[in-house]
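Only the coordinates and a few stated rules stand behind these numbers; no lab work does. Everything quoted here is computed from the prediction, not taken from an experiment. Note that we place each Cβ from the backbone using ideal geometry, even for glycine, and neighbour counts take in every protein chain shown.
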Amino acid sequence: MITFATLCVLGLLWGGVYLLMAEGLNLIYGVMKVVNLAHGDFIVLGGLLAFSLFERGGLTPIAAFPIAAGLLFLIGMAVQLGVLEQITAQGPEGELRTLLATFGLSYVVANASFLLWGSQFQSIPFLQGAVQAGPIAVPEGLLVCSLLAFGVALLVHVWLTRTITGKSVHATAQSALGAASCGLNIRRIRTLAFALGSAMAGGAGALVISLIPFQTSTGGDLTVQAFTLIALGGLGNYPGAWLAAELLGLTEVFTQYYLGSNAASAVVYVVFIGVLIFRPQGLLGRVGRV
Amino acid sequence: MRDRIIEWSGFALVLTIGIAIAAFGSGYQAQTLFTAALFILLATGWNVISGFTGYVSFGQVSFFGVGAYVGALAMIHLDAPWYGAAAVAALGGIVLALPLGWVMLRLQGIFFALGMFGLARILQIVASSLDITGGAMGTTVAVADSVNECALVMVLAAGAALVGTYALMRTRLGLRLMALRDDAVAAQAAGVDTAAVRVTAFCISAGLGAVGGALYVWNVGYLDPNSAFNGTIELQTVLMVLAGGIGTVWGPLVGGVLISLLSTALWARFPMEQQIVLGALTMGIAVAMPGGIMAALGRIGIVRRQPICAPDVAAPAEAAPAAEAAARGGGPILSCRSLGVAFGGVVAVKGVSIEARPAEMLAVIGPNGAGKSTLFNLISGFTRATQGDVVFAGETLAALHPHLLARSGIARTFQTSRLFRSLCVWETVLLAAASVGRSRAAAMAETRRILAEIGLWEQWADLPDTLPPGRQRLLEIARALALRPRVLLLDEAMAGMSAQEIERVHAALRGAMRRGCSIVAIEHVLPAIAPLAARVHVLDFGQTIAEGVPHQVMNDPVVIEAYMGVDDQEPVHGAA
């Protein structure tokens, strides 16, 4: 019973971490209807940056979080203004070209990271102790990361639904044309969304590298994982992504405990295939029609 | 003709240089050539599914990897020579692609692209954990006798793939691939079995990728999961097609030669930065020159795509064959019995019963939102009815795919024209004419006859974008008529046409009716269709409100009310 409860708590906490890694992708998809294939590489870049800050300057991942997020914000802004905004085609052709551009971007980011940090796995030893809550022991690092993740997710949610800027982003997500005819500067909003989504990837990386070791080639897997989550939740659907993240966290923790770590690392791909075959519209999504 | 000379002399030149290097070059040169030719082969395969068919994949390397493993196993366990291994690998790729295509190709855009991306990673994990593949440590096979032999084989394989694609894109299958890419719904309406076409393209693409993998193993003699499912292969493949021209026959060759030279030079000087440059180049091309080099050449009038099965323009246009004796009267060819459908809480069509008789036109009119187009979607199979049924030629239609309905004689047009942007007038009509089981020659003759009849023959080589809106509508009607329909559903076909064009359409429709075709025409306003219509059916809010002969319906107070309203309490805002 205690094992079961512990696994549930761990699963929910890991769900928070996964949510943090996927939320930026969701924000970008929501506004621009585009999957940033470099998302995972942004996470790795943020993580490795935090690693260097820890090694050279002794900064903890929590202190590195705003720095990594800030840097990735700038990178995201540059990518959006310099590359993605330059694609003027509309409709499927525009989406396709944007996707191809981010495909190229993922190689640029991953190999730039490789030049700077090499191909070793890196991690930050941080908060290695455990918190005892009654009979359940929870790793401190996981708890902190997960709480931060929920905090960030909540902040973004409040920002999107309660502030004028957030509502403008929301409006652009639903209809760019409608938003533009209401006088919103949708170019600025898209840039803001992409930069913010990238910042969330970078920040997530800075925290998560203390839980999971990264190497420069991890990016692709993280992109697939983040995409699986937001697809499972229904692309662009925030509560859906949260639900999906918790489900994935629980499934992984239980699989890890009962079937071992090899099986656990395959879980995300099994979910991925399942989503593609059975529910491309996501758990909370609706079926589109011709 | 000039274009064809440029194409083939360029191809022959590159092929000759390739064979010469393979035969007489040093080991290093031959190895570089081998790699370049391998990528051209992979790029050609990727181009078939992603360029011509429009399903962009980021996991073509999956088939390369599977082909490499199948080829390696064939060499180890069956003692197969290289050609045997390549053949088995191709088969392996196709066997994998068949079920995979069935699942994956139902996915749209991003899902397919990322599904394939994920597939490569899944296969890499599988290859790492199986014993038969040698696990993560990899496996070794007997290497080829000489690099030059490898290079020669690879050059010939890539050349054969290119010639094969060229031939493919001159067949009716090639026509269907492009129609599917441009507009899947319109392709179904033209009788194209889109699922079969997609899976066929996917299998061709997979087979080419797998052959590349098998020959790669033969060349290097060693295989592990990292090299079999290497993301760099994916990047170079995609980049080559983009640079050369996505969706063109020669794009993979042009891009392949250029990018191979570039990446070899980069590898020699800046091995660490090579992939950054290639990635940045991919971004740059996606942003700045999406059509690649071939599109740039096309813009200045060199090496444009030639129409498929082009007609012999010199031959005189034949007169329309004598109309077959039409069976007038008799029972209805198509009847809908209390047909209805609801979307969520909105009832779009409710209890509508119509009958279409051979050689006669039924007009369906009604105000905006009356459910006219939805009724057509129900009849032509694009939307499933939630109540009632459709009886066509004495048989009840149940859940048939749109393309089967189109082939069996229910043709339709769309309210806003849906034409194929890369198919010319001739190809658009030929596509439909060829999908009802005619021979190539018969389909071409039929296409010619219809274009002459409807007055589009002069513009046979024009792309739809260059036609005025009225002509675009004519083309859509021509496409529907090419299916030799027994029931033709026209959805506001006469909207936006000049008086002269309307006259042409009327003539073509009279001709079709003389051959016994039944026509159901939706119009927003009756006069455009009244001269031809025998009967009129009026819908409002998804239900039948009147039916009868035209002049009687037009004077029916219920119909006038539906269009004009009778309630004087509402202020009148200009147009009704």
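At-a-glance table
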quantity	calculated
Selection from B:T282, A:F121, A:A153 lying farthest towards where the dipole of the protein assembly as shown points positive, charges on Cβ	B:T282
For B:271-280, mean number of other protein chain Cβ atoms within 10 Å	5
Under 5 Å, built H, 5+ apart or other chain: amide partners of B:V520	B:L362, B:L488, B:L489, B:L490
Antiparallel %, DSSP beta bridges [both residues in the protein assembly as shown], to 5	60 percent
Whole-Hz ³J(HN,Hα) from phi, Karplus 6.51 cos²θ - 1.76 cosθ + 1.60, for the stretch A:110-116, glycine and proline x	4, 7, 5, 4, 4, 4, 7
Options B:Y222, B:Q236, B:V199, ranked by Cα towards positive dipole end of the stretch B:133-245, top entry (Cβ charges)	B:V199
Histogram of C-alpha separations across the stretch B:334-564, 5 Å bin width, %	1, 7, 15, 19, 20, 17, 12, 7, 3, 1, 0
Cβ charges +1 (Lys, Arg) and -1 (Asp, Glu), total dipole of the stretch B:413-535, debye	540 debye
C-alpha long axis of helix B:27-46 to longest principal axis of chain B, angle in °	20 degrees
Helical mean residue ellipticity (222 nm; -39500 (n - 2.57) per DSSP H run of 4+; nearest 500) of chain B	-17500 deg cm²/dmol
Cα gyration tensor category, rounded, prolate or oblate, for the stretch A:41-122 with a/c compared to 1.5	prolate
Long-range amide H partners of B:Y222 with built H, under 5 Å	B:V141
Dipole of the stretch A:167-290 [Lys/Arg +1, Asp/Glu -1 at C-beta], most positive-end residue of A:I277, A:A244, A:I189	A:I189
Along each principal axis, Cα extent of the protein assembly as shown, largest first, Å	89, 77, 48
Alpha-carbon centroids, the stretch B:190-233 and the stretch A:123-201: separation in whole Å	39 Å
Alpha-carbon centroid distance for the pair the stretch B:58-126 / the stretch B:442-494, whole angstrom	41 Å
Shielding by other protein chains, B:104-112, mean Cβ within 10 Å	4
Check: the protein assembly as shown dipole with +1 on Lys, Arg Cβ and -1 on Asp, Glu Cβ, in debye	900 debye
Estimated D of the stretch B:20-158 in µm² per second, where Rh is the Kirkwood radius over Cα pairs and Stokes-Einstein applies at 37 °C, 0.692 mPa s	201 µm²/s
Sites matching trypsin sites (Lys or Arg not before Pro) across the stretch B:388-465 that sit in DSSP coil, with at most 13 neighbouring C-beta atoms within 10 Å	B:R421
Radius ratio Rg over Rh of chain A, counting only Cα atoms, Kirkwood formula for Rh	0.97
Tail beyond 39 Å, pair distance distribution of chain B (Cα, percent)	40 percent
Mean Cβ neighbour count within 10 Å, used as a protection proxy, ranking A:20-33, B:283-296, A:77-90, A:176-189 highest first	A:20-33, B:283-296, A:77-90, A:176-189
Relative contact order of the stretch A:1-137, defined on C-alpha pairs under 8 angstrom at six or more residues apart (%)	33 percent
The stretch B:334-564 - percent relative contact order, Cα under 8 Å, separation 6 or more	30 percent
On Cα atoms only, tilt of B:440-454 relative to the major axis of chain B in degrees	40 degrees
For the stretch B:334-564, size of Cβ-based charge dipole, Lys and Arg +1, Asp and Glu -1, in debye	760 debye
In the stretch A:119-153, chymotrypsin sites (Phe, Trp or Tyr not before Pro) in a DSSP loop with at most 12 other beta-carbon atoms within 10 Å	A:F121
Antiparallel %, DSSP beta bridges [both residues in chain B], to 5	55 percent
